[in-house]
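Chemist: My questions all concern the structure below.
The values are calculated or read from the model by the stated rules, or taken from the named source; none is laboratory data. Since the model is a prediction, treat every value here as computed from it, not as a measurement. As a convention, Cβ positions derive from the backbone with ideal geometry for all residues, glycine included, and neighbour counts pool all protein chains shown. Ligands, DNA and RNA are stripped out before the accessible areas are found, and what is left, the full protein with its side chains, is counted by its heavy atoms. Shrake-Rupley method; radii C 1.70, N 1.55, O 1.52, S 1.80 Å.
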Amino acid sequence: MSMVTGNNAPLSQMNDTATGLSTRMIRFKHIFLALILSVVFFLVFCFIALHAYIAWVLSNPTVAPLYSNPKLAKDMEYENVLFPSIDGKKNMSGWYIPAENSSRTIVFSHGYGANREETWIPMYDLAHYAHNLNFNVLMFDYGFASQTSKEVATGGKEEKRQLLGAIQLAKQRGAKQIVVWGFSMGAGTALQAGLETKDVDAMILDSSFLLEPDTLYHNIKNQIDLPRHPSLEILELLFPVLNGTSLDQIPYTEVKKNDYPFPTLFIHGTKDDKAPYPIAEKIAANQTHPDSDSWIVEGSRHELIFREYPREYLRRVSTFLGKLQSPDGPMPE
């Protein structure tokens, strides 16, 4: 019996060793799995955090302060104006530049990341040109460009209400003919506002940017190479949290198929890296008003067409505006 017991001792030790190894292996597997899961969760967190940062940056563009005014820039007399958005939620500030005995007004609708001056266009030059045609001119800041009570950018959801407030101010100042001249997102905002108002008589739309999934991803991919899916889905979840706006609240489908009752002039460059020109072409093709027109400029970039072709730009705009029946008689040459 003692011999058997003696022979079983090493076997017992081997079993104990195997059990210990098995326990350590299980513990190692658990630790390894926990590490893998931690890394995966960390990468997922970083991926979502990156999208949250992108959504926050897009909702809160950096806008330079005003550096001049119509008097200093172009010797145009002007008034500081404060007016509410059409729903009364936001007070907008701007400049009203009156023309002598005129009931025609051009409302400038600036783009994303800019204020009413939009220096790279440059806006003062176009305001001066419009004023020389005896148009009253209204230049104002959208909420995201406000220097006193800044709000988030919403891709046109709130901005269209602010633009409609500017149109209402023009009417209150006696305008019988209102032209909206929009740039980039300001042009896309004008198209959205045009779905809801009968007070616009014409639109000039330069480098129209319409927020939709395709243009959103196009602009993101220009900066960082992210997969389309699930990036778009994540951003669509984050935007309502960060700026209160869902892409579903932007009527981009309706804009792209709408035939507006007033004449429109679309101006767009084929090298536009922010707003792909086929979208502008598509909207322009839907227009049946006999005075509507489009100018697609080969090789031109976003919002730089006036800088690149100032004479041709103003010639086409003058021709377009000249077709409008003026309540004040013929436009000055």
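Chemist: Over the chain, with every protein chain in place, what whole percent of the accessible area is carbon and sulfur at 1.4 Å, could you tell me?
Modeler: After summing per-atom areas, the C and S share lands at 57 percent.
Chemist: Inverting the mean 1/r over all pairs of different Cα atoms, compute the Kirkwood radius of region 279-333 and quote it in Å.
Modeler: 13.1
Chemist: Sum up the charges of everything whose Cβ sits under 13 Å from the Cβ of ALA114, counting Lys and Arg as +1 and Asp and Glu as -1, but leave ALA114 out.
Modeler: Local net charge: -4.
Chemist: If you don't mind, another one. Using the Karplus curve 6.51 cos²θ - 1.76 cosθ + 1.60 with θ = phi - 60°, what ³J(HN,Hα) values do you get for each residue of region 195-212, in whole Hz, with x for Gly and Pro?
Modeler: Once θ is set to phi - 60°, the couplings for region 195-212 become 6, 10, 10, 10, 9, 9, 9, 5, 9, 10, 10, 9, 6, 4, 10, 10, 5, 8 Hz.
Chemist: Leaving out ligands and nucleic acids, and using a 1.4 Å probe, what accessible area per residue does region 31-77 come to in Å²?
Modeler: 70
Chemist: Going down the table (LYS74/LYS157; LYS89/LYS257; LYS89/LYS160; LYS157/LYS256; LYS71/LYS274), which pairs top 23 Å between alpha carbons?
Modeler: Cα-Cα > 23 Å for LYS74/LYS157; LYS89/LYS257; LYS71/LYS274; rest within.
Chemist: Go through (i) 1.06; (ii) 1.01; (iii) 1.48 and flag the label whose value is the computed Cα Rg over 2.2 N^0.38 Å for this structure.
Modeler: (iii)
Chemist: Ignoring ligands and nucleic acids, what accessible area does GLU281 show with a 1.4 Å probe (Å², nearest 10)?
Modeler: Counting only protein heavy atoms, the figure is 80 Å².
Chemist: What value does region 66-144 have for Rg/Rh, both radii from Cα atoms and Rh as Kirkwood defines it?
Modeler: Radius of gyration over Kirkwood radius for region 66-144 works out to 0.95.
Chemist: Then there's this: First select every other residue whose beta carbon is under 13 angstrom from the beta carbon of ILE178; then total the charges, Lys and Arg +1, Asp and Glu -1.
Modeler: +3
Chemist: Continuing with the same structure: Tell me the net charge near ILE48. Cut-off is 14 Å between Cβ atoms, ILE48 excluded, with +1 for each Lys or Arg and -1 for each Asp or Glu.
Modeler: -2
Chemist: Further, regarding this structure: Reachable aspartates and glutamates from LYS323, Cα under 13 Å, same-chain residues fewer than 8 places away excluded?
Modeler: Cα-Cα hits under 13 Å: ASP201, ASP291, ASP293.
Chemist: Through the Karplus equation 6.51 cos²θ - 1.76 cosθ + 1.60, θ set to phi - 60°, convert the phi angles of region 257-262 into ³J(HN,Hα) values in whole Hz; use x for Gly and Pro.
Modeler: After applying 6.51 cos²θ - 1.76 cosθ + 1.60, I find 10, 7, 9, 6, x, 10 Hz.
Chemist: Given R₀ = 35 Å, what would the calculated FRET efficiency be for VAL44 paired with HIS218, taking r from the Cβ atoms and rounding to 0.05?
Modeler: 0.90
Chemist: With r as the distance between the Cβ atoms of ALA64 and GLU196 and R0 = 22 Å, compute the FRET efficiency 1/(1 + (r/R0)^6) and round to 0.05.
Modeler: 0.15
Chemist: Find, among the GluC sites (Glu not before Pro) in region 140-169, those assigned to loop by DSSP (not H, G, I, E, B) with at most 16 other beta-carbon atoms within 10 angstrom.
Modeler: Hits after loop and neighbour filter: nothing returned.
Chemist: Shifting gears a bit: Expressed as cubic angstrom per residue, what is the convex hull volume of the alpha carbon set of region 111-221?
Modeler: Dividing the Cα hull volume of region 111-221 by its residues yields 111 Å³.
Chemist: Can you tell me the FRET efficiency between PHE28 and ASN286 if r is taken as the Cβ-Cβ distance and R0 is 56 Å, rounded to the nearest 0.05?
Modeler: My answer for the efficiency is 0.30.
Chemist: Among SER38, SER102, SER207, whose mean-square fluctuation peaks in a Gaussian network model of the chain (Cα, cutoff 10 Å)?
Modeler: In this elastic network of the chain, the residue with the biggest mean-square fluctuation among SER38, SER102, SER207 is SER38.
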